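Below you'll find the structure I mean.
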Amino acid sequence: MNALCVIGAVGALSLGIGCGGSKALRTVPTSSTLTTNMQELPDCMSDQIAVSIGIRDGVAAVVLKHSRGEPCSLVFQEARFWITDREGTRVALWRPDFMGAFRRGEERKFLLPGVATCEGRKPFTGHVTLGPQSAERDDLTLRQITC
């Protein structure tokens, strides 16, 4: 039986408690030295922020990168990151928060925390949506999904 773990995030530094009470979220801190006030920045357009799933430090990660134009502010857009097994059964779901100011070329990542269950059949697929954008990554290993 597969358990589904849903973990929330608050603010750009994503904090949370995972299944079983262990700390589950790890993120890269955002810069606190951005001198432009976020309220003065224009909203990011979907083509200014590239969304992908990469492997960082050996773990699957959602990666957002400011890819073009002037600095901008990413306003609320629902983000979802989930893992499915080879049969398409969802084994984990997260809702990371990437809101905030993005400088030119800035990259933010959300490292996949511990998956609640590793009973699914490998290989695994990572899926991410951020507003209208989406990305997938196939052939993730047990180690890459932190099992």
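For the range 54-95, give me each residue that is of a type outside the set (D, E, K, R), in a strand (DSSP E or B) and farther than 16 Å from GLU106 by Cα. Can you show your working first?
Filtering the range 54-95 for residues of a type outside the set (D, E, K, R) gives 54-55, 58-64, 66-67, 69, 71-77, 79, 81-84, 88-89, 91-94.
Then drop every residue that is not in a strand (DSSP E or B), which leaves 54-55, 59-64, 66, 72-74, 79, 81-84, 91-94.
Scanning the range 54-95 gives ILE55, VAL59, ALA60, ALA79, PHE81, TRP82, ILE83, THR84, VAL91, ALA92, LEU93, TRP94.
Let me ask something else about it. Which of the residues spanning the range 113-131 are outside any loop (DSSP other than H, G, I, E, B) and among the aliphatic types (A, V, I, L, M)?
VAL128, LEU130
Residues in the range 123-139 that are surrounded by fewer than 17 Cβ atoms within 10 Å (Cβ to Cβ), among the charged types (D, E, K, R) and under 21 Å from PHE98 (Cβ atoms): how many?
Adding up the residues that qualify gives 1.
Based on what the data block shows, is PHE110 touching a residue at least 40 places away in the same chain (Cβ under 8 Å), part of a strand (DSSP E or B) and of a type in the set (Phe, Trp, Tyr)?
Working: touching a residue at least 40 places away in the same chain (Cβ under 8 Å): yes; part of a strand (DSSP E or B): yes; of a type in the set (Phe, Trp, Tyr): yes.
When the stated conditions are applied, PHE110 passes them.
Same structure, new question: Filter the range 67-88 down to residues that are of a type in the set (A, V, I, L, M, F, W, C) and within 16 Å of the chain's Cα centre (by Cα) and give me whichever is nearest to LEU130 (Cα to Cα).
Filtering first and then ranking leaves ALA79.
What are the pairs, 6+ residues apart or on separate chains, where a residue within the range 125-139 that is closer than 14 Å to ALA79 by Cα has its Cβ under 7 Å from a residue that is among the acidic types (Asp, Glu) and assigned to a strand (DSSP E or B)?
The qualifying pairs are GLY126/GLU136; HIS127/GLU136.
Which numbered condition in (1) out of contact with any Pro (no Cβ under 9 Å at 6 or more places or on another chain); (2) more than 29 Å from GLU40 (Cα to Cα) is the only one that PHE98 fails?
That leaves (2) as the condition not met.
Which one is nearest to PRO123 (Cα to Cα), of the residues in the range 58-107 that are of a type in the set (Asp, Glu) and touching a strand residue (DSSP E or B) at 6+ places or on another chain (Cβ under 8 Å)?
Applying the filter and picking the extreme gives ASP85.
Going through the range 57-82 one residue at a time, which ones are under 24 Å from ASP138 (Cα atoms) and among the polar types (S, T, N, Q)?
If the condition is that a residue be under 24 Å from ASP138 (Cα atoms) and among the polar types (S, T, N, Q), then SER67 is the only one that fits.
So which residues in the range 31-44 are at pLDDT below 90 and part of a loop (DSSP other than H, G, I, E, B), if there are any at all?
First, the residues of the range 31-44 that are at pLDDT below 90: 31-40.
Across the range 31-44, the qualifying residues are SER31, SER32, THR33, LEU34, THR35, THR36, ASN37.
The values are calculated or read from the model by the stated rules, or taken from the named source; none is laboratory data. Bear in mind that the values here come from a model prediction, so they are computed numbers and not experimental data. Neighbour counts are summed over all protein chains in view; Cβ atoms, including those assigned to glycine, are modelled from backbone coordinates with ideal geometry.
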